Amino acid sequence: MKQVVKPKNLDAFRIWFDKLGYQVKCLSGKGFTARTNDRYIKKCFHYVLVTDSLGGNDAAFKLGKEFEDHLRAPEQTCTEKAEMEIRHMMKGDENGVLSFVA
């Protein structure tokens, strides 16, 4: 059976919805629902269902794929502004060791 996300990423997927402004409710077991009324989010993504067996509705599968893509290639999903902020916060020494700038 096809899974929304890998089992090890389920908690992070749930937190991701919370950070995106969804109201997340845990179901019995591992499943959860996520709802939003944000008009800037497409209507087809307003209700997401993830079941105990990591199945779900169409929105869960589409957003699960996007989430897994973000995990595979975070440097490609980073905006220019965020990249500049990260580079500003960190600098490397001559040995290539990164250190935080206060």
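The values are calculated or read from the model by the stated rules, or taken from the named source; none is laboratory data. Given the structure is predicted, the values throughout are model-derived calculations rather than measurements. Neighbour counts run over all protein chains shown; Cβ positions are idealised from the backbone, glycine included.
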Only one residue in Val24, Val4 is free of Cβ contacts under 8 Å to residues at least 12 places away in the same chain, surrounded by 12 or more Cβ atoms within 10 Å (Cβ to Cβ) and within 15 Å of the chain's Cα centre (by Cα), so which one is that?
Val24
Can you tell me which residue among Lys91, Lys25 is modelled with pLDDT under 85 and in a strand (DSSP E or B)?
Lys91
Scan region 32-42 residue by residue and report those that are part of a loop (DSSP other than H, G, I, E, B) and either over 16 Å from the mean Cα position of the chain (by Cα) or of a type in the set (S, T, N, Q) (or both).
Thr36, Asn37, Asp38, Arg39, Tyr40, Lys42
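Among the residues of region 43-55, is there at least one that is touching a residue at least 40 places away in the same chain (Cβ under 8 Å), part of a loop (DSSP other than H, G, I, E, B) and either touching a strand residue (DSSP E or B) at 6+ places or on another chain (Cβ under 7 Å) or not hydrophobic (A, V, I, L, M, F, W, C) (or both)? Outline the logic, then answer.
Here is the first cut: in region 43-55, the residues touching a residue at least 40 places away in the same chain (Cβ under 8 Å) are 50, 53-55.
Those still in the list that are part of a loop (DSSP other than H, G, I, E, B) too: 53-55.
The next check asks that each one be either touching a strand residue (DSSP E or B) at 6+ places or on another chain (Cβ under 7 Å) or not hydrophobic (A, V, I, L, M, F, W, C) (or both); those that pass are 53, 55.
Yes, some residue in region 43-55 is touching a residue at least 40 places away in the same chain (Cβ under 8 Å), part of a loop (DSSP other than H, G, I, E, B) and either touching a strand residue (DSSP E or B) at 6+ places or on another chain (Cβ under 7 Å) or not hydrophobic (A, V, I, L, M, F, W, C) (or both).
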